[in-house]
Each structure stands twice: as structure tokens, then as C-alpha cells.
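> Please find one structure pasted underneath; my questions will follow.
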């Protein structure tokens, strides 16, 4: 007979090694568009052993969270759709927040993705275990789960940027950020201030003007705005799209090509950018009557250096008598409103912070610990987010990003880039699986360095290095947000997986 102590030791050993087994082959953090793009590619490749971690009780990412008035996509609906999930039911050319939210959840249910999602699960730490070749994840409840490959699909527009204005805590009125909209608060007959003139402000301002008593827009820098020229689709259009699905693919292709053509103003000859400037200013002059107001609304930087906005109804707001555009910078809040540096005070009942998001310093909450105990967040802050093709980072094996650094399009649909990344990641996973159960792939440092040198070279002579400051740039002034080129160039970059670029480690 075996002694009780031996039985306990053997049982403990079996339990220990059993606990070293992975729970899923693949883990995905985030169920927004980036996470769903990855899940769709995994499903298409018959990779069913995956789990999606979602910190909220619902999927949808930014299209779940942003419910401010007028929230709508700036990209044509047909291009802002998954290639294999084109939607014949878009209500208009540019979809609203609720439409996109419903579309994402429709895609999730149609493709049986929901059963893979662990809702209310906030991953706070991910540590790579080299001897076992997998990632150990820990959530906010201190529960652990092990995955062979980790895909981070957190997206970029997830951390609201709230400036620290002096005496803001003394303001007696309502303050809310566009990303944390309080739908219960009524703006009717209120004196309202909107801080910022970015994408959310351009949508909010015309959406609330009919209900407020007085509106003041506090502008730090004027945005370039092109008309949206939105159109509504009819029941006949929907029937036609359903009967002839190729029309949806054709529209997607044509709008994609149109966007690529417009991208010439960003990455092409400078005369094209000057032509766009001329057209944009002509459009503004037609929409705004007061010459002094036109001067205030005219940007002092090249078209595209900051994000170009789309709106048919923003400029006309400034023809109204109950609207002010304040270009002097904010000095502080008072109990009753906002005071500018010039000393002018605006009495307000509510202040809407349309101040955007922190996107360039990668202050994501999850601690991602790779080889040698390095924290990815700290590493990216130190090295300006060096990341191969926006997906893979040397020293962090079996890890890939969807919508990582320098993977947003400055003029086309970023969803196109997400799908291209997801296709590459599937090939990456194939090689990890071929390497063996406890093996892992680590990107060669020289490959990453060469890519980053090429990326920085691509930025030369583009509009993004023409002198303005934007949320694309980190604290060192490096653009870590957009890909400095056309989508077709990015697609070519990520089309092939080269095994020789990686080191394979066997255990």
C-alpha cells in the first residue's frame, strides 16, 4: 500500500500539471469591431477553441458606449461593414450609432459568436509563461484562465480625455463627457457650453441647437469639415440590395476606391491638398454668412493633418443668433460657468466635454507582461509604440493586436485594416500551432526595427508631418495612430506571413 503522504503528493502533482493545461487555444480581449473581426476570421478558419473577454455586460465597443445626440459614423456604411457580412438594411449612407450597434450584435448572433463571449469579465493582467508557451490571464475577480494565443482587440477610442480645468469642481451646473452621456439630463431651454470641436462636437452641436436656450462652442483649433451629403435608403433600395447582393459589394468597392482617391490629399502631391483646402473654404463660405465667423472657423493647418470631419449641418449653426463661437482659451470654471483667459465669463447651466479620447499614449488598463518581465504599456511609452505591422511586438510571444499602433486609416475605413490584420493573425496562429504544444513564436528584434524605420520613412512628405499637433501624436510628438499610406499598401504589407521573421522556441 502507498502511504497517505505519497498519495497526497501524487494527487497534488497531477492537479498542478493539469492546471498548466490551457483552457482555450485563443483568447480575445474586447468585443468591439476589432474583436469581432478576429472572431469572424477564426470561425472561417475552423478555429473554434476561442473565448472573448468583454468587461461590459454587452458587446459593441464604442458603438455601445457612445450614445450622445447625433452620434453617427463618418465612414460610408458599405465600407464600414465586414466583407462577408454586408448589410442590405442600412437606413442611410452614413449609419447612426444605434444602427451600427444593432449590426454588430446581428453579426455576433448570426455567426454564433455570443456563446464564446465572457461578459462582465475585465482582464487586468496577462503574463506569458515561457516554459509552458502560453498566456496566464487574470480578471478583476482574481480568476485565472490560460490561452495559447492572446489577441488584444481593445480598440483606440476607449479612454475619454477630460482636461483638468481649474476650479471645475466649483461649477454648480452639469458637466458630462460625450462618451459618458447622461440621457436623463434635459438640455431644454438651458445655457450650454460645448468644449471642443472634434468629431463628437461636430455631431452634438447641430443635434442640440433646437432645444437649448443659448449655445457657446469653445474652440481650441478649428476643424476642417467636408459636407457629408448623406442620403436615406428606401424600402425599394433595401429590396434591391437583398435581391442583388453583388450591388452591395460593388458599392463597397466603389466607395473604398473613392476614399483611396481622396487619400491623395494626405499622402500625394501637395497641390492636391491645396485644391482640397480651396474647395473646403468655398463650401464654408456658402454655409456661413458672417465673414468674421468664417475667419474663426478657418483652420490654421493643412487639410488632413488633424482628422477631417463630415457634416451637412455644423456650419449653419453659427448663423443663429443664440450661438457663440469662443476662440479665446478657457482659463477656469466659475460657480456659474466658464471664464476665458481674456476675462470674459459665460454663464452656463451645463458643459459638454467633447474633448475626445486618449489614443496615443496607450494607457490601457491591462498589464501585459512578456519575456524578461517587461510590461508592454511601459515599453510602448518608452519606445514610441514599436510594433510590427501594428500587430506583433518582439519579446511578447504568441500575442497579436487588432487595431494596434499605426493601424488607423486617415481617410478610409479602419475596418478594412482590421480585417487584413485578422487574416494575418490567423496565419500567425497556424504557425504557433505547428510549432508544438508548449512552443512559442517570438518576433526577431531586427525585423521590428526594420519595419519601424520603413514606417517612419513613409510619414515623410505626408500631411501628418506638416506641423500641427493632434491626438495622433504621443507625448514625444510621434504619430502612433494612423498608417501613413493607402489601404492597398497596408494590405500588401500584411498579405504574406514570413516564418523566417520569427524565432521558434520549443519546450
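> Determine the principal axes of the Cα atoms in the stretch 285-347, then give the extent along each, sorted from largest to smallest and rounded to whole angstroms.
Here the spans come out as 37, 29, 19 Å, largest first.
> For the stretch 193-253, build the convex hull from the C-alpha positions and give me its volume per residue in Å³.
120 Å³
> To continue, here is another question. By its C-alpha gyration tensor, with a ≥ b ≥ c as the square roots of the eigenvalues, how is the stretch 348-490 shaped: rounded for a/c under 1.5, else prolate for a/b larger than b/c, else oblate?
Because a/c hits 1.5 or more and a/b exceeds b/c, the stretch 348-490 counts as prolate.
> Ok, one more. Can you give the alpha-carbon Rg of the chain over 2.2 N^0.38 Å, where N counts its residues?
The value comes to 1.06.
> Something else: If we sort 404-417, 485-498 on the protection proxy, mean other Cβ atoms within 10 Å, highest first, what's the order?
So the peptides 404-417, 485-498, ranked by packing, come out 404-417, 485-498.
> Listing 349, 109 from the residue with the fewest other Cβ atoms within 10 Å to the one with the most, what is the order?
Final ranking by Cβ density, sparse to dense: 109, 349.
> Hey, another quick one. If you count, for each residue, the other Cβ atoms within 10 Å and average over each peptide, how do 238-244, 389-395 line up from highest to lowest?
Descending mean neighbour count gives 389-395, 238-244.
> Next question. Please rank 181, 135, fewest neighbouring Cβ atoms within 10 Å first, as an exposure proxy.
Starting with the residue having the fewest Cβ neighbours, the order is 181, 135.
> Compute the angle between helix 4-19 and the longest alpha-carbon principal axis of the chain, please, reported from 0 to 90 degrees and rounded to the nearest 10.
Helix 4-19 and the main axis of the chain meet at about 40 degrees.
> Moving on to the next point. Assuming R0 = 25 Å, can you tell me the calculated FRET efficiency for the pair residue 367 and residue 300, based on Cβ-Cβ distance, to the nearest 0.05?
0.05
> Be a star and scan the stretch 76-101 for residues whose amide nitrogen sits under 15 Å from the point 7 Å along the Cα-to-Cβ vector of residue 230.
76-78, 90-101
> Now for a different question. Would you mind getting me the FRET efficiency between residue 240 and residue 488? Use the beta-carbon distance for r and R0 = 25 Å, nearest 0.05.
0.30
> Out of the DSSP beta bridges found with both residues in the chain, what percent are antiparallel (nearest 5)?
Roughly 40 percent of the DSSP beta bridges within the chain come out antiparallel.
> A further question on this structure: When each pair of different Cα atoms in the stretch 427-507 is counted once in the 1/r mean, what is the Kirkwood radius in angstroms, to one decimal?
15.1 Å is the Kirkwood radius here.
Read the figures in this text as sums done on the coordinates, not as results from a lab. Please read these numbers as outputs of a predicted model, since none were measured by experiment. Cβ: placed from backbone, ideal geometry, glycine included. Neighbour counts: every protein chain shown.
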